[in-house]
Amino acid sequence: MNLRNSLRLSLVLFLLFPFLFLLTQFRISTLPEGAELLWAFKNSFTQAFFSALCSLLVGFWVALGLLALHERTQRPGRFVLEILCLLPNFLPPIFILLSTLNLIEPFPMGISGIVIVHTLMNFGLVAVLLAGIIENKLGGVAELAYVEGVSRWQFVWRGLVPMLKKDFWLLGLFIFIVCFGSFSVPLIVGGGKGTTVEVLIYEKIRLSSDWGHAVLLAFLQSTFIFALSFVASRGKGVNNTRIANLSLLKSFSGIVVLLGVSAFYLLGYVQGFVSGLSMLSTFYDLQSAILWNFLGSLVLGLSVGVLCYLGLMLIAFCWPKAWFEKFLNGYVAPSTSLACFSLLIISPNEGFYPFVKIPIALTLLSLNSLFRMGWDGELHALQSQVTVAYAMGASPQQIFKEVLFPQLSDRAGLLAGIAAIWASGDFAVSRILAHHDLSIAMMTETLMSGYRLNQAIVLSSLIILSGIVCFVICVGGSRVLRRKFAS
Amino acid sequence: MSYVENLHRDYGDFKLDIDSWEILDEGVTVLWGPSGSGKTSVFRILLGLEPCPGMKWIFQGVDLAKLKTPQRRLGVVFQTLDLFPHMTAEENILFAARARDVNPQKAAARMKELTEVMQMQGFLQRKAAVLSGGEKQRVAIARALVGEPRLLLLDEPFSSLDQELREESRKIVKRVIEIEKIPTLLVTHDQKDVEVLGNKVTTIRQGKLVS
């Protein structure tokens, strides 16, 4: 077996490790209680369905707002709004959790609470994607309808909805899949009534050490998500790009909605932060812990950044290969709790080991998302250059070193930086793999669990700081590496 | 002559059906046909980028069909040119020389020759991303030739150029093919390419050779 085949196989085994490891360790001797299983699946399904629906509805409205800034001269404004849209999706979930918990009182724990948080996290992403889809696929028709005097609602119901039906369906399915497998949000705001499959797996292992049932549940959940992902990856929708006037669709009210929702969670955060500042003296005893945990956040963030950078480059080196690409497109990251517990039962777990295991778990869970966040597109875009280089007789090493690496390093650094921000803000994975607080995010979650929300918000500002530091190092480091390789 | 035999491939909605075909050892063999006739599929199969079980391609006693793409030692220019945008024109050409293990002295000498023939002196140090269409095309051809390939394969190489540049490019390509004495297979749908460059013309329609 040559080097690239061995590396491909190693990466596949790494990504499948939790499933393979746990299936060899635990026998599924009995089936879990049917009622409990159905209840958890029903909760997962309900919260994911309504999260996707609400995200689509709010996202569509905001998308019409983004279309209002369609002209070339309005692009900077559009760029700022798009950043505002994507912010909740890229920030660690703990920020949205903190600000909504702080602002909505009493917070509706359970399915509705999960739906609120998921909608806040995903509507912006939906808006940006939908605005792009409308511009690219419907611009010409919308312009023609405008010239011919069709009313907005007539066009929406008779043109936009039928033409983009498939795109809406695929986008909804994508959000549904993300929410169905969500762990940290249901863990915090699910309460006793909103236990999802993911949280049930966590409880099975953490509370009743019922590994067999946990593995079975994770298997069922992954199969379900895999089937949905498979459906989502098959659809493409129509495509017809041309620049057009979108006066018929644009709506400034969408911008108002975006600004309103953004102000809602940002103000919730700022308000909590200001209230928390008055309690700054209570942090006095925690000074040393804060310092060490800040360093812990940096170490975790940077380790994940480096591992993700290496993982993405490894995928690039192993590219292209039909079965490998199919695997990466079809692969669904394992249940968060399952992946973490599979690492936890491999001793030891003390000393510096959590600093090894947490980055591995976070890389395992994020690599596939990063791949789908544009890495596959980058690799496809370079495919023709790779083909030419291959036809010229260049070796895989030469192709990687001289063609792929210099063109991919910056993007890999950016994606690794995003993963580093996620890692800096992670508390769910760390909570399973570490017995005490190792990072600011874990400290924040401890305060949040103790209903000391304002203090938690103040402390969480350090997550932003560590996230920014990690992001800058990942992006800067990738550029330095690119220059070193290029010279 | 080199002989291609049993080039058959079923794509479901389209079939390539070529029992035998002769490609010249010298000069330019043109594969001409309208869009969708199967030209590019033939081109990719000859390069080894698509499988074609049972095909034979005897070139100077060697069955190229049995070799993997890099071992076929073919120079190629695709319609999209596909220069490496982060490299300069010169780096693009030297990349190909390294890929074919041409020793550095020889590569430098080849580089000098090709620079003169292709009139590339003015833009060798410029990044490929900022070259004009005509300049890119010259670099792509020089890159294909620097490794001294057995055969040069050109897929619609002038299609991305405007009318005026096409005329000039055809002349340059014709000259370099004559100087380098490299057998060339040109795939095109442009009758003008056939008139200016072709020594032998084969027409393809619906996956079959008709003349």
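Examine segment A:445-456 for a residue that is touching a helix residue (DSSP H, G or I) at 6+ places or on another chain (Cβ under 7 Å) and either open to solvent by 70 Å² or more (accessible area, probe 1.4 Å) or without any contact (Cβ under 8 Å) to a residue 24 or more places away in the chain (or both), and state whether such a residue exists. Yes: one or more hits.
Note on segment B:64-73: residues that are touching a Leu at 6+ places or on another chain (Cβ under 9 Å) and more than 14 Å from every other protein chain (Cβ to nearest Cβ) amount to 1. Which numbered condition trips up A:Leu22, out of (1) without any contact (Cβ under 8 Å) to a residue 60 or more places away in the chain; (2) over 19 Å from the mean Cα position of the chain (by Cα); (3) outside any loop (DSSP other than H, G, I, E, B)? Failed condition: (1). Just so you know, in segment A:376-417 the residues that are surrounded by 24 or more Cβ atoms within 10 Å (Cβ to Cβ) and farther than 27 Å from B:Ala96 by Cβ include one that is farthest from the chain's Cα centre (by Cα), and it is A:Gly413. Inside segment A:445-476, residues that are assigned to a helix (DSSP H, G or I) and more than 21 Å from A:Gly413 (Cβ to Cβ) make up a count of 15.
One line per residue, one yes/no per condition, for (1) touching a residue at least 24 places away in the same chain (Cβ under 8 Å); (2) within 9 Å of chain A (Cβ to nearest Cβ):
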{"residue": "B:Val62", "(1), (2)": "no, no"}
{"residue": "B:Gly75", "(1), (2)": "yes, yes"}
{"residue": "B:Thr80", "(1), (2)": "yes, yes"}
{"residue": "B:Ala89", "(1), (2)": "yes, no"}
{"residue": "B:Ala96", "(1), (2)": "yes, yes"}
{"residue": "B:Val102", "(1), (2)": "yes, no"}
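Can B:Phe84 be described as open to solvent by less than 50 Å² (accessible area, probe 1.4 Å), of a type outside the set (S, T, N, Q) and within 14 Å of chain A (Cβ to nearest Cβ)? In short, yes. Among the residues of segment A:251-275, those that are among the aliphatic types (A, V, I, L, M) and crowded, with 18+ Cβ neighbours inside 10 Å comprise A:Ile255, A:Val257, A:Leu258, A:Val261. A Cβ distance below 8 Å, combined with a sequence gap of six or more or placement on separate chains, defines the contacts here; from segment B:113-139, residues that are more than 11 Å from B:Ser169 (Cβ to Cβ) reach residues that are assigned to a loop (DSSP other than H, G, I, E, B) and polar (S, T, N, Q) in the pairs B:Thr115/B:Gln121. Exactly one residue out of A:Pro334, A:Pro354 is farther than 30 Å from B:Ala144 by Cβ and either open to solvent by 20 Å² or more (accessible area, probe 1.4 Å) or in a loop (DSSP other than H, G, I, E, B) (or both): that is A:Pro334. Hey, does segment A:344-364 have a residue that's within 14 Å of chain B (Cβ to nearest Cβ), charged (D, E, K, R) and touching a residue at least 12 places away in the same chain (Cβ under 8 Å)? No, segment A:344-364 contains no residue that is within 14 Å of chain B (Cβ to nearest Cβ), charged (D, E, K, R) and touching a residue at least 12 places away in the same chain (Cβ under 8 Å). Considering (1) surrounded by 23 or more Cβ atoms within 10 Å (Cβ to Cβ); (2) in contact with a Cys (Cβ under 8 Å, 6 or more places away or on another chain); (3) farther than 17 Å from A:Arg206 by Cβ, say which one A:Phe324 fails and leave the rest. For A:Phe324, the exception is condition (1).
Of the candidates A:Ile440, A:Ile421, the single residue that is over 20 Å from B:Val76 (Cα atoms), over 16 Å from the mean Cα position of the chain (by Cα) and in contact (Cβ under 8 Å) with a residue 12 or more places away in the chain is A:Ile440. Reported count of residues in segment B:1-55, each being under 26 Å from B:Thr80 (Cα atoms), among the hydroxyl-bearing types (Ser, Thr, Tyr), open to solvent by 50 Å² or more (accessible area, probe 1.4 Å) and outside any loop (DSSP other than H, G, I, E, B), is 1. Within segment B:141-157, the set of residues being in a loop (DSSP other than H, G, I, E, B), farther than 23 Å from B:Lys112 by Cβ and within 11 Å of chain A (Cβ to nearest Cβ) is empty. The single residue among A:Pro76, A:Pro106 that is surrounded by fewer than 20 Cβ atoms within 10 Å (Cβ to Cβ) and either part of a helix (DSSP H, G or I) or in contact with a Lys or Arg (Cβ under 6 Å, 6 or more places away or on another chain) (or both) turns out to be A:Pro76. Scanning segment B:41-60 for residues that are within 14 Å of chain A (Cβ to nearest Cβ) and β-branched (Val, Ile, Thr) yields one hit, B:Ile45.
Does A:Glu378 meet the test of being out of contact with any Pro (no Cβ under 7 Å at 6 or more places or on another chain), assigned to a helix (DSSP H, G or I) and at the interface with chain B (Cβ under 10 Å from one of its Cβ atoms)? The answer is no for A:Glu378.
The values are calculated or read from the model by the stated rules, or taken from the named source; none is laboratory data. Just so it is clear, the model here is predicted, and its values are computed rather than measured. Neighbour counts run over all protein chains shown; Cβ positions are idealised from the backbone, glycine included. Note: accessible area is taken over every heavy atom of the protein model, side chains too, but ligands, DNA and RNA are not part of it. Shrake-Rupley method; radii C 1.70, N 1.55, O 1.52, S 1.80 Å.
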